[in-house]
Each structure stands twice: as structure tokens, then as C-alpha cells.
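Single-structure report; data block below.
All of the numbers you see were taken from the coordinates with simple rules; none came from a lab. On a predicted model such as this, the values are computed, not experimentally measured, just so you know. With ideal geometry, Cβ positions are generated from the backbone for all residues, glycine too; neighbour counts draw on all protein chains shown.
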Amino acid sequence: MANHDEDEAVVGGIARMAELVMSEQTVQSVLDLVLELTQTTIANADAVGITLRRNDHLLTVAATVPVVAMFDDVQTKRGGGPGLQATHDATTIVVENLAQDERWPHFARTALSEGFKSVLAIPLVPVAAPIGALVIYSSSVIHVDDVTQMHATLLARQAAIAIANSGSFVHSEESNDQLREALASRDIIGQAKGILMERSDLTPDEAFDEMRADSQRENRKLRDIAEEIVSKVRNRGERT
């Protein structure tokens, strides 16, 4: 169930997203922030994935856990699932109890075997046609109320705009290379966030914002900032 704190978190998240869109940050920044905001503002979001559609295939471009990519592969190979359906029909798909849902048996069995029982898939629609979906997995059987669905839709809408503004990579021939770079960058950015959180007693949001501010001020990629932070810590460790 949504509450006042969740309302404020979503509003604050959208404000941060708007800043990022306006500043035309890198693909890495967009993907990282979308995942972070979704998992921190949507209740029971135990795993989150961002998937883009390539013809009838799903390409996982960002995820909080690796198993999300497997779920997308199952949907592509077995011909169906909430993420694929949301992207195909440009409509929100709610599965409150996978054990009782008969629409996509192969996907349901796979997700249940990994401990996930509910799914909420929101299409990413930057202009007219959907480009992918924001997919939220829960380890609990939940009731997705109208307010939670509205919050997820607002985040997905901002995510779609941000992704579409990130160098127009959605329709670019170079998109796969960009996305692979973005995924490879997530680990190093996560390490850097952890270092800043421990060193300066920051929250995850504050650590990410600090790196993003350095990126803008120095006109350098977020990944380069993160690599520098991690490298300094490693070098100090080698000297001791």
C-alpha cells in the first residue's frame, strides 16, 4: 500500500529524473538512476529490470539482479511474459499471484522457481510507440493498488523520456555497444557508491548525486569518476 512517505519519495525521484533529463546525462547515469528510484520508491520491489524491445526480442539493459536477464530470455524464447506483453500492447501488466496466473506458464514457472511471486510491468512510451518496459518483481503475493500503479507509471514515463534523450540510442545502430558499456559500468559505479557511503556517511542517493555532480562539473563520464574513486582505494590498499 502506498503512503505519504512514498508519495514524497516518488515526487523527489521524478524531480531528480527531470534534472538528469535536462542535463542530458550518459546512458549509464540514466539506467542507474531509474533502477535506484524504482527500488526505493515502490513497495515490495525486490528486483527491477529495464528491458528494450528489438523486434520480437527483449534486451535487458539494466537490472538489480542478474536473474532478470534470464526472465527476459524466457519470455523471448517461450513466446510470452508480462514484460513482452507490456511492450507489445503498450499497456500495464499486473500479475498479483504468478502461481494462479495461466497466461505464460513457462515464464511463471521460471520466476516462481527463483522465488518471485508477483510482477508489475509498465511500458516505456517516450512519444507514441513503446520502446520497452520497466518490470518490477516481488517475492510476495501482493495487491497492486491504483496509487502504487500510478507511481510506477510516473517513474516509467520519466525513464522512457530519459532513455530516449540519451543520445537517441534506442534507434541507433550503435545501441547494443552503448548498452553493453552501460551494463559493464554498473559494477564499478556500484563499488564507487559503496566507498563514498562508507567514507562520508552518505545515503545511496547522496553518493550517486555526488558522483553525478563531479561528472557535470568536470565534464567527464560518470564511469570515469567511479573508476578514479575505486582506483584510489585499491592503490592505498596495495601500498599498505
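In table form, for the structure just shown:
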| item | result |
| --- | --- |
| For residue 91, residues with placed amide H under 5 Å, excluding near neighbours | none |
| 5 angstrom amide H check on residue 58, placed H, neighbours 5+ away | 76 |
| Extended-chain gain in nm, criterion 0.36 nm per residue less alpha-carbon gap, residue 109 and residue 65 | 14.0 nm |
| Coordinate range along principal axes, alpha carbons of the range 184-233, Å, largest first | 26, 20, 18 |
| Calculated from backbone phi, Karplus (6.51, -1.76, 1.60) coupling profile of the range 194-203 in Hz, x at Gly/Pro | x, 5, 5, 4, 6, 6, 10, 6, 9, 7 |
| Nearby lysines by direct alpha-carbon distance to residue 232 (threshold 27 angstrom, same-chain neighbours under 8 apart not counted) | 193, 221 |
| Highest to lowest packing among 45-56, 99-110, 196-207, scored as the average C-beta count within 10 Å | 45-56, 99-110, 196-207 |
| 20 °C / 1.002 mPa s Stokes-Einstein diffusion coefficient of the range 58-148, Kirkwood radius on C-alpha pairs, µm²/s | 164 µm²/s |
| Modelled FRET efficiency - R0 22 Å, residue 197 with residue 149, Cβ distances, 0.05 increments | 0.10 |
| Karplus-derived 3J(HN,Hα), 6.51/-1.76/1.60, for each residue of the range 215-231, Hz, glycine and proline x | 4, 5, 5, 9, 6, 10, 5, 4, 4, 5, 4, 5, 4, 5, 4, 5, 4 |
